[in-house]
Amino acid sequence: MSDQALQQAAQQARGPEAPALSIVIPCYRSADNLPDLHRRLDAVCAANGLSAEFVLVEDGGGDGTWDVISRLARADGRVVGIQLARNYGQHNALLCGIRAARGQVIVTMDDDLQNPPEEIPRLLSKINEGFDVVYGSPVQENHGFLRNVASLVTKLALQHSMGAETARKSSAFRAFRTRLRNAFADYNSPTVSIEVLLTWGTTRFSSVDVRQDRRERGQSGYTVRKLMTHALNMMTGFSTLPLQIASVAGLLFAAGGFVVLMYVLVRYFISDAVVPGFSFLASIISIFSGVQLFSLGIIGEYIARMHFRAMERPPYSVRSSTEDTSTQQ
């Protein structure tokens, strides 16, 4: 059974009555956090009269997270568990959960309890003002210095890819109208950025300031290296900015080479002398060779993206679901 057919079967198994809200959470080695997260989500929904489902996508962490999700699903019919075949990454897991959601509004959040479930009503209140996407922007990010710097670089890359100022306030804690997924229903690539995909369906973005708690258990799966890789993937997968940078760099260094040539010729005709020194010539050659290799590297990144898309590699593969006992090998 294909991933899409599996998710459609799971949606049909849940019955015709769809909840108003779908809370999608990618889970990676979060067995210790999920019971507390589920308890707080349940309390928030009860206090605000929200009809909701909890879509938990286990992203191949290799620990006991799937066992915890299965127990929660057996105890609470609102919990929908999906287990991916391997670790695909946060955004790929989110895409899987978003496609399986049935609510009119989707809220996405992390599994580490740094996104307080108690802030969800604020996102919903803002989206009811007429926006399509609302980000919960943390007042203060509780990460280390290097992680904060890497996150800033990622958001700058995202701002150019999205073409929206709100990208500077983007976060994994977001709410958006489910109909937006129609804009990327046929998207099938291993490189996924939910923020960019949402811009394919709307330009009505907003944000609200929310609290961000400190991580109490476990360690983040996002290292500085992974954040920088994600930024590079967004720049080369959804934007032509790197190619433009390579073009401008080539133009500037070509102009610099012309200036050096004019200097050599003017000095020769005026003083009848040549510019001495092997080091001068070697440095010029090194600079121009470096720019050429830099440009070729950028072009190579784009060719690699085209290669992977031509292979039609899926963004994820579902191993099993709590609502379907079939298992994909």
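A few remarks follow.
- Residues of the range 122-152 that turn out to be crowded, with 16+ Cβ neighbours inside 10 Å and modelled with pLDDT under 70, as a count: 4
- The range 281-295 residues that are closer than 15 Å to V260 by Cβ and surrounded by 15 or more Cβ atoms within 10 Å (Cβ to Cβ), paired with ones that are modelled with pLDDT of 75 or more and among the small types (G, A, S) (beta carbon under 6 Å, 6 or more apart): V291/A249
- For the range 1-13, the count of residues that are modelled with pLDDT under 95, part of a loop (DSSP other than H, G, I, E, B) and among the acidic types (D, E) is zero.
- Enumeration of residues in the range 27-48 that are aliphatic (A, V, I, L, M), closer than 28 Å to G89 by Cβ and either outside the structural domain of L72 (by TED's automatic domain parsing) or part of a helix (DSSP H, G or I) (or both): L34, L37, L41, V44
- Applying the criterion of being out of contact with any strand residue (DSSP E or B) (no Cβ under 6 Å at 6 or more places or on another chain) and buried (at least 16 other Cβ atoms within 10 Å of the Cβ) to the residues of the range 178-188, the residue that is nearest to R122 (Cα to Cα) is L180.
- Some residue of the range 163-172 being assigned to a loop (DSSP other than H, G, I, E, B), at pLDDT 90 or above and either surrounded by 20 or more Cβ atoms within 10 Å (Cβ to Cβ) or not β-branched (V, I, T) (or both): no
- Complete set of residues in the range 65-81 that are assigned to a helix (DSSP H, G or I) and not acidic (D, E): T65, W66, V68, I69, S70, R71, L72, A73, R74, A75
The values are calculated or read from the model by the stated rules, or taken from the named source; none is laboratory data. In this text, all values refer to a predicted model and were calculated from it rather than measured experimentally. As a convention, Cβ positions derive from the backbone with ideal geometry for all residues, glycine included, and neighbour counts pool all protein chains shown.
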